[in-house]
Amino acid sequence: MFDPRLKILTAFEDQNEGFDDFEQAIPLLSEEEERKLTESEVPDSLPILPLKNTVLFPGVVVPITVGRDRSLALVKEAYESDKIIGVVAQKDESVEDPHPKDIYKMGTVAQILKLIKMPDGSKSIVIQGKSVFEIDEITQVDPYFRAKVKGIRQVMDLTGIEMDASMRSIKETATKIVNLSPNIPSEASIAINNISSPTFLLNFISSNLQVSLSDKQQILEFMHFSKRLEKVMEYLNKELQVLNLSEEIRSKVKTDIDDQQRDFYLRQQMKAIQEALGEDSEQQDVAKLRERLNAKKNVPEYVIKEAEKELQRLDMTPSASPNYGIIHSYVEWILDLPWGDYSEDKLDLKKARKVLDEDHYGLEKVKKRIIEYLAVLKLKKDMKAPILCFYGPPGVGKTSLGK
């Protein structure tokens with residue numbers, strides 16, 4: 001949320017004309033300082049500097065690289081005079097030579113704090129937002145934009161306990177995001193908690209939100225403090241949910257990997273011990289299964305081929321693999337089937353009726369149907385037996401009748 005801008009400021013600190021300390025990079029305004037800054041008089045006419053991918057908020061300090069001819073001419077003239085400019089965002093950052101229709105109507109009055117000449121001929125400036133303005137009319141296009149503007153006073157509509165609760169909530173949420181984000185320096189959290197001005201706190205966080213430029217512009221254009229606060233909290237809560245989910249996924253993956261590594265290490269140790277003792281449990285398992293297959297009688301040829309194929313797969317599969325248990329269970333199931341073993345049917349109807357009466361009370365229709373079934377089998381000895389299906393609630397005797 002704060003990392004990209006702080007990195008740029010650090011780059012300025014490395015320049016000979018850079019900042020003397022971190023406090024100059026991110027000045028933390030008090031409520032009184034913020035009020036004086038935002039209530040400063042807005043000139044009737046301002047040179048307009050379009051920015052490709054930045055929305056400047058009042059009180060916030062940002063570095064800007066200036067490379068376009070119009071922008072260079074504007075910065076040079078403004079820096080040599082009162083250093084006051086109007087900053088507006090472009091609607092489409094891909095436009096290299098913006099026209100008046102390509103910029104937003106609302107922007108921020110800014111003061112140039114620092115001008116740094118870069119080796120490639122471009123200039124970098126550090127600017128601080130002061131107050132919000134709206135463009136009434138573009139009066140000049142060359143060599144740079146100039147416009148008639150009017151100041152916009154944003155309304156503070158929260159006070160007392162409601163304000164205190166809102167500030168505490170936004171600080172706690174922003175701090176959680178900083179703590180969960182590995183790429184955000186801890187200085188951001190310190191800065192947030194040391195800001196006493198509610199308006200500057202909201203502007204500082206709004207400036208560093210990872211949202212689209214149009215979303216930031218929308219926040220800037222809200223006149224009421226409560227509306228801006230509501231929108232910023234919405235974005236912060238969404239970001240916090242994403243980070244929490246990412247942390248859960250990272251923790252789960254790390255736990256799964258740790259468990260797999262532990263299992264693999266223990267299995268390797270067990271295998272080394274077994275090899276030292278002249279034993280190999282995996283090879284013994286496969287050998288035992290193959291012995292059972294060879295000892296099995298009346299097994300069809302196609303079943304033997306399938307079982308051999310699976311035993312070869314089992315022989316090549318590491319015991320730590322999930323597939324090892326699946327293949328092993330499948331081969332055991334094949335070997336447990338009674339291939340070629342048949343039982344002799346006992347079709348004594350009187351004995352069957354006696355057993356049914358002794359073991360079950362009532363159920364006359366069911367008993368009668370079972371006896372009919374056995375009688376048909378007895379008469380038609382070569383007939384394939386149909387399937388009887390018992391249905392009913394639990395506990396009425398379906399399973400015992402089948403036995």
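Here is how the numbers come out for the structure above:
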item: Two-site label geometry, residue 33 and residue 224: point separation in nm, points 7 Å out along Cα→Cβ; result: 3.1
item: For region 40-152, alpha-carbon Rg over 2.2 N^0.38 Å; result: 0.95
item: In sequence order, calculated HN-Hα J values of region 187-192 (Karplus, 6.51, -1.76, 1.60; Hz; x Gly/Pro); result: 4, 5, 5, 4, 4, 4
item: Histogram of C-alpha separations across region 67-211, 5 Å bin width, %; result: 2, 7, 14, 16, 16, 15, 13, 10, 6, 1, 0
item: Environment charge at residue 304 (Cβ cut-off 13 Å; Lys +1, Arg +1, Asp -1, Glu -1); result: +2
item: Region 160-247: relative contact order as a whole-number percent, Cα under 8 Å and 6+ apart; result: 34
item: Total formal charge among the other residues, if their Cβ is under 14 angstrom from that of residue 242, Lys/Arg +1 and Asp/Glu -1; result: -1
item: 20 Å reach of a label modelled at residue 140, 7 Å along Cα-to-Cβ, counting backbone N of region 60-89; result: 66-89
item: Using a Förster distance of 22 Å, the FRET efficiency for residue 364-residue 337 (Cβ separation, nearest 0.05); result: 0.05
item: Stretchable slack from residue 330 to residue 242, in nm (0.36 nm times residue separation minus alpha-carbon distance); result: 27.4 nm
item: Net charge over other residues, Cβ less than 11 angstrom from the Cβ of residue 103 (K, R count +1; D, E count -1); result: +2
item: Given 130/176; 105/231; 36/114; 36/130; 52/216, the pairs whose alpha carbons are separated by over 19 Å; result: 130/176; 105/231; 36/114
item: Percent RCO, i.e. relative contact order, over region 40-152, from Cα pairs under 8 Å lying at least 6 residues apart; result: 36
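No value in this document is a laboratory result; all are computed from the given coordinates. Model, not experiment: these values are computed from the prediction. With ideal geometry, Cβ positions are generated from the backbone for all residues, glycine too; neighbour counts draw on all protein chains shown.
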